[in-house]
Amino acid sequence: MSALLKHPLQLGLYHTLVTTHLPIRHLRISASAWTIASRESSIPQRYIGQPTSYTHQHLLRDDEITPGITAQEFRGRRHNLMSGIKKSMYSDCPHHVAVILAADTKYMTDEIPYPFRQNTDFLYLCGFQEPSSALVLESIAGSPLPDHKATVFVPQRDADRELWDGPRAGIDGALSFIGVDEAHVISDLSEYLDQYASREKLVVWYDVFRNVNSHLHKDVVSNLVTPCRNKGHAVNILQQLMHSIRVIKSPAEIQLMRESCSIASQAFVDVMRFTKPNINEANLYAKMDFEVRLNGAEFLAYPPVVAGGNRANTLHYVKNNQIVLGGDMVLMDAGCEYHGYASDITRTWPVSGRYTEAQASLYQSVLDVQQECLDMCEVGTTLDQIYHRMLNGLGQKLQDLGIVPKWMNNAELIRAAKKYCPHHVGHYLGMDTHDTPQVSRSNQLQAGIVITVEPGLYLPASDNDIPQEFRGMGIRIEDDVLITDRAPEVLTAECPKEMSLIESIMGGNL
Ligand SMILES: [Mn+2]
């Protein structure tokens, strides 16, 4: 019996369909039929476990799957992926199947889940938020790529589980809401994939080395991958292609990123105003978290760094539990996630409201270098080239400040810059904070790419080579930048970074 025939819908759930007034033709919608189907009639008239325009009118329009992103855009993303596969070295093969798994729920302790975060590639392709689901994209016999069939596999509706976890979409909800061609329950995925194990001239696209969902990976997809490998079929990872698509943001995504950056920028201003000597780092963290949520973000995009004084020299300091003394600066690296899009900002300000002379000279040096780097953010340059600009600039500044000796030549200055700034100048930014890491930093920037520009200088209190007045200072200034065909757009421009502006805000004058 084929997986399709064994489908529970065909085994007796027709009754359910009738009672929910959902015509059976809606359960298998061809791609062409879907495009003419009315979106309005397709939104399930019940809560399905994630916001829809039916349950969350304040968040979504009728044509949107996730806030700001339409069903049509999601279809376009799947189309782009299949176009990429078509252009690959395996273009001659007639059969392709791509499997993208949803994340599974992670548990803190017994029955206590961490907040769920969907696998980004899965979310990007279909917008579905339920754990332990899968998306299968496959070529259609006799029809050239990028034509394809999109099928979702979702958890079965289960009254007992839904009592605890809330309603699930089920196959009817998933099919009509996501706008794919078919939907099945996830327990049918194994049998569905079996049909491919015996195929000839097949290419499998699956991220074998990523443990997105242990159960589905080990017990289900490996039953496709292993026999296919044994038969000599190509099994390719998808991530490289996924990231090359995801790195270029659509106009809708750019709008969401603008909003994410704006919310985080405003929150920084509120946190600066809230700062006073002897404040606990935890309070600054709490204030940031509070403000971004109050202004519409779902949560912070990552555990923020709130590092007073010398703790700023621990790059990933996230303990955030010390008192920041008057006279010290605080370095905060924080951003929010707004409808799936991250912002990532760092600012460093004096808790007393005034930079000391030494702090000011170090701060201005980092700010100058950041501006040089921002000026380079245009189509055709690379993150690595901006990084080299940063190293050159920081090396020069270290010498100007007297932190490294005058006799150092250029190569030695670069080494010193790397010592006092051990991280890169930036990374791609998008749905993930460190977005699309498979895209090399030596690739040329294109319009629609968002990057961070975040030079810093970290001068540990324990480093006796550093002049006394600078020891124990750590400064980073990080903005998020949209590459365009014209001048770069600094998405975090609302977040103050000029010292006079920060001092005015903290002094209550702005
Ligand atoms: Mn960053």
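The values are calculated or read from the model by the stated rules, or taken from the named source; none is laboratory data. Keep in mind that this is a model prediction, so the values were computed, not measured. For neighbour counting, all protein chains shown are included, and Cβ atoms are generated from backbone atoms with ideal geometry for every residue, glycine included. Ligands, DNA and RNA are excluded from the accessible area calculation, which covers all protein heavy atoms including side chains. Shrake-Rupley method; radii C 1.70, N 1.55, O 1.52, S 1.80 Å.
Among the listed residues ARG199, ARG210, identify the single one that is within 27 Å of the chain's Cα centre (by Cα), outside any helix (DSSP H, G or I) and under 16 Å from ALA98 (Cβ atoms).
It is ARG210.
For residues that are of a type in the set (A, V, I, L, M), out of contact with any Ser or Thr (no Cβ under 8 Å at 6 or more places or on another chain) and not in a strand (DSSP E or B), tally how many sit in the range 304-336.
Of the residues in that region, 3 qualify.
Mind counting the residues in the range 422-453 that are within 14 Å of the ligand (Cβ to nearest atom) and within 18 Å of the chain's Cα centre (by Cα)?
The total comes to 16.
Right, THR492: among the polar types (S, T, N, Q) and either more than 16 Å from the ligand (Cβ to nearest atom) or not in a loop (DSSP other than H, G, I, E, B) (or both) or not?
When the stated conditions are applied, THR492 does not pass them.
Please pick out the residue among VAL351, VAL366 that is touching a strand residue (DSSP E or B) at 6+ places or on another chain (Cβ under 8 Å) and closer than 20 Å to THR275 by Cα.
VAL351
Quick check on my filter: what residues within the range 241-264 are open to solvent by less than 20 Å² (accessible area, probe 1.4 Å) and of a type in the set (Val, Ile, Thr)?
VAL247, ILE263 - these are the residues of the range 241-264 that are open to solvent by less than 20 Å² (accessible area, probe 1.4 Å) and of a type in the set (Val, Ile, Thr).
May I ask you to verify whether TYR355 is at pLDDT 95 or above, under 27 Å from GLN396 (Cβ atoms) and in a loop (DSSP other than H, G, I, E, B)?
Answer is yes for this residue.
Enumerate the pairs (first residue in the range 320-338 and acidic (Asp, Glu); second residue anywhere and more than 16 Å from the ligand (Cβ to nearest atom)) with beta-carbon separation below 8 Å, excluding pairs fewer than 6 apart on the same chain, so at least 6 apart or on different chains.
Pairs that qualify, where the first residue is acidic (Asp, Glu) and the partner is more than 16 Å from the ligand (Cβ to nearest atom), are ASP328/GLY308; ASP328/GLY309; ASP328/PRO350; ASP328/VAL351; GLU337/ALA297; GLU337/GLU298; GLU337/PHE299.
Within the range 318-334, how many residues turn out to be open to solvent by less than 70 Å² (accessible area, probe 1.4 Å) and within 21 Å of the chain's Cα centre (by Cα)?
Residues flagged as open to solvent by less than 70 Å² (accessible area, probe 1.4 Å) and within 21 Å of the chain's Cα centre (by Cα) within the range 318-334 amount to 3.
Does the range 225-236 contain at least one residue that is touching a residue at least 24 places away in the same chain (Cβ under 8 Å) and under 27 Å from the mean Cα position of the chain (by Cα)?
yes
One residue is enough: does the range 143-157 have a residue meeting the conditions outside any loop (DSSP other than H, G, I, E, B), at pLDDT below 95 and surrounded by fewer than 14 Cβ atoms within 10 Å (Cβ to Cβ)?
yes
Just to check your reading of the model, which residue among LYS406, LYS418 is of a type in the set (Lys, Arg) and without any contact (Cβ under 8 Å) to a residue 12 or more places away in the chain?
LYS406
Which one is nearest to PHE128 (Cα to Cα), of the residues in the range 93-108 that are without any contact (Cβ under 8 Å) to a residue 40 or more places away in the chain and in a loop (DSSP other than H, G, I, E, B)?
Out of the qualifying residues, it is THR105.
Residues that are part of a loop (DSSP other than H, G, I, E, B), open to solvent by less than 80 Å² (accessible area, probe 1.4 Å) and either modelled with pLDDT of 95 or more or touching a helix residue (DSSP H, G or I) at 6+ places or on another chain (Cβ under 7 Å) (or both): does the range 22-37 have at least one?
yes
If you take the residues of the range 338-371 that are open to solvent by 20 Å² or more (accessible area, probe 1.4 Å) and charged (D, E, K, R), which of them is nearest to the ligand (Cβ to nearest atom)?
Looking at residues that are open to solvent by 20 Å² or more (accessible area, probe 1.4 Å) and charged (D, E, K, R), I get ASP368.
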